[in-house]
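Reading through the structure tokens given below for one structure.
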Amino acid sequence: MKRNRRRILIYVVLLLVCIVALAAPLYNRQTPRLWGMPFFIWFQLVWVVVAAVATAVAHRAAGDQN
Amino acid sequence: MGTAGIVIFVGLFALVTIIGFIAAHWRKGDLDQLHEWGLGGRRFGTIVSWFLLGGDLYTAYTLIAVPALVFGAGAIGFFALPYALIAFILGFVTLPRLWDVAHQNGYVTAADFVQGHFQSRTLGVLVAITAIFATLPYLALQLVGMEVALAGLGLPTGAFSGDLPLIVAFLILAAYTYSSGLRAPAAISLVKDSLIYVVIIAAAIVIPKQLGGYGHLFDALPAGKKVLTMTAHNTGTVGAYMTLALGSALALFLYPHATTGIFAAKNGRVVRRNMALLPMYTVLLGFVMMLGYMAYVAGVQHMPQYAGGFKAYGPNYAVVALFLHSFPGWFAGIALAAIAIGALVPAAVMSIAAANLFARNLYLPMRKNVTAREETLVAKLVSLGIKVGAIAFILLVPVEFAIQFQLLGGIWIIQLFPALMLSLYIPWMRREGLIAGWVVGTALGTWMAASQGFATAVYPLHLFGWTFPGYAALYSVVANLVVTLGVSLMIPRNRSGSAGKTAELAVR
């Protein structure tokens, strides 16, 4: 039961990460800039890192079972 | 770019050629078995799988065409970022399951899986044909990528003598793929990806510095190149961006070269761990895209020494010109070698994947009593034939044809999404529904592309007084899904070959 709930939580988080990545109107803007890059670029780069971390955490949480 | 660059280029090429031939002896197996030749004996661990799978994303054509899109069209080219991000999360969720089923039943191809899962030869053949036709233009475009890199070396191009280096390179590739199978690209991908990492990281540091820093780089760009647009009653490039990202993400792991890479993994744990590690590739992809902006701001398109390249290859020449302009000769040699070798790995995996499909899912059902040895021989010969065909295609047909054909390939391959991915989760899908959905989706998607003169895969959908320009592949697969699920619901239970855990049809 506890295991199932954890699994659902993992899927919900991953789904949210995907939805934000797709929501172009959300990040289609130039400011604020970071390292000289427009928001449009740096937000997506940061979000890729967020996704990588989320997937790694999900992998850990799901257990490295075979 | 001088002799040093050419010497380094040729040296690196020779190195991977030697690796390709030696690979046959790597974790040696009986190469007369299809799963040994075509899946490397299913023995690849985490590291090799990472390079092999990640390599599917970093093809020569990605390095050339993605920055070319940013160079020419601007911000919309960045759709590849959310695309890769979503594709890997989707893969993380679905692929370990797919691997499990494939392993338990000895499946070599995606068509094996669909045929077994739905107990339908027709569906298996349909999947095989779709996958082969979607892969061929993709393979041909790898050659375009290599051609552009070779052009950057300053060798003469155009006439037959100019095509000679390309022909020689591909014949060598064909030879070691024939003898070593999937082991060759797997081994070479270690060298290839290391080179690509070095080149991209160097470019991301060195080139912006020459242009006065990232801040100056973006200040120098025209505003129109930096944002997506949207007007009243038209979702514009914003909608196109979103649909291209989602549609491409759904399609990525349906391509046979991707499934081949997954099925070749040693166990489900390797697949899972890989899907958790692969998103790191995507960060680099962001910098690959910015190469397009860098080329634009550097102004390589106005420099007389690159005019010939731009005339022959259009925006696809932008990255090569940028490397030649920004790097010293010897490092430009490494960079161009990285692109050219970047064509070899996916081209080899694609030809092997298509050959596996042909031998296993088209040849085998037609003939009786095919031995494993004969099946493998057919696959090897087909992989050889595909590569010769790809060279002929690129040399004889205008390159626009290959690009248009590749656009269609993306629309066709996504139609396999219900059969290959959703079937893992929806047990009540029926083969009749899948076939009907495939027919509707393929026809609609092809019509949408045709209505745009095959020039773009973005179709302006008119609905409720709005215009939604979006990826035809995504629109058509939605239609496919509606038909698939609708027909499946209409067919009474126990009549059709039901999916699920009951007996999977033996393929061999």
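Okay, residues lined up against (1) within 14 Å of another protein chain (Cβ to nearest Cβ); (2) free of Cβ contacts under 8 Å to residues at least 60 places away in the same chain; (3) not in a loop (DSSP other than H, G, I, E, B):
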| position | (1), (2), (3) |
| --- | --- |
| B:LYS192 | no, no, yes |
| B:ILE205 | yes, yes, yes |
| B:GLY215 | yes, yes, yes |
| B:LEU244 | yes, no, yes |
| B:ALA249 | yes, no, yes |
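Name, by its number, the condition in (1) open to solvent by 10 Å² or more (accessible area, probe 1.4 Å); (2) at pLDDT below 85 that does not hold for B:VAL108.
Checking B:VAL108 against (1) open to solvent by 10 Å² or more (accessible area, probe 1.4 Å); (2) at pLDDT below 85, the one that fails is (1).
May I ask you to list the residues in the stretch B:225-238 that are within 12 Å of chain A (Cβ to nearest Cβ), open to solvent by 50 Å² or more (accessible area, probe 1.4 Å) and not hydrophobic (A, V, I, L, M, F, W, C)?
Once the filter is applied, which keeps residues that are within 12 Å of chain A (Cβ to nearest Cβ), open to solvent by 50 Å² or more (accessible area, probe 1.4 Å) and not hydrophobic (A, V, I, L, M, F, W, C), the stretch B:225-238 yields only B:THR229.
Could you look through the stretch A:29-52, keep only residues that are surrounded by fewer than 20 Cβ atoms within 10 Å (Cβ to Cβ) and among the polar types (S, T, N, Q), and pick out the one that is nearest to the other protein chains (Cβ to nearest Cβ)?
A:GLN30
Keeping to the stretch B:255-283, report how many residues are open to solvent by less than 30 Å² (accessible area, probe 1.4 Å), assigned to a helix (DSSP H, G or I) and either within 12 Å of B:PHE51 (Cα to Cα) or out of contact with any Ser or Thr (no Cβ under 6 Å at 6 or more places or on another chain) (or both).
Selection size over the stretch B:255-283: 13.
Out of B:GLY11, B:GLY72, report the one residue that is touching a residue at least 40 places away in the same chain (Cβ under 8 Å) and either open to solvent by 10 Å² or more (accessible area, probe 1.4 Å) or in contact with a Phe, Trp or Tyr (Cβ under 7 Å, 6 or more places away or on another chain) (or both).
Result: B:GLY72 is the single residue among B:GLY11, B:GLY72 that is touching a residue at least 40 places away in the same chain (Cβ under 8 Å) and either open to solvent by 10 Å² or more (accessible area, probe 1.4 Å) or in contact with a Phe, Trp or Tyr (Cβ under 7 Å, 6 or more places away or on another chain) (or both).
Please go through the stretch B:111-126 and pick out each residue that is under 21 Å from the mean Cα position of the chain (by Cα) and either within 14 Å of chain A (Cβ to nearest Cβ) or open to solvent by 10 Å² or more (accessible area, probe 1.4 Å) (or both).
B:LEU126
So which residues in the stretch A:53-63 are over 13 Å from B:LEU277 (Cα atoms) and either within 7 Å of another protein chain (Cβ to nearest Cβ) or not in a helix (DSSP H, G or I) (or both)?
Within the stretch A:53-63, A:GLY63 is the sole residue that qualifies.
Does B:ALA174 satisfy being closer than 19 Å to B:TYR293 by Cα and either open to solvent by 50 Å² or more (accessible area, probe 1.4 Å) or assigned to a helix (DSSP H, G or I) (or both)?
no
Can you list residue pairs whose Cβ atoms sit under 6 Å apart, with the first residue in the stretch B:220-234 being within 24 Å of B:HIS462 (Cβ to Cβ) and the second being open to solvent by 50 Å² or more (accessible area, probe 1.4 Å)? Count only pairs 6 or more apart in sequence or on different chains.
Final answer for the pair search is B:HIS233/B:TRP466.
Quick check on B:TRP99: is it open to solvent by 10 Å² or more (accessible area, probe 1.4 Å) and modelled with pLDDT of 85 or more?
Spelling it out, B:TRP99 is indeed open to solvent by 10 Å² or more (accessible area, probe 1.4 Å) and modelled with pLDDT of 85 or more.
The values are calculated or read from the model by the stated rules, or taken from the named source; none is laboratory data. Worth saying up front: this structure is predicted, and the values here are computed from it rather than measured. FYI the Cβ positions are ideal-geometry reconstructions off the backbone, even for glycines, and counts take in every protein chain you see. These area figures cover heavy atoms from the full protein model, side chains too; ligands, DNA and RNA do not enter into them. Shrake-Rupley method; radii C 1.70, N 1.55, O 1.52, S 1.80 Å.
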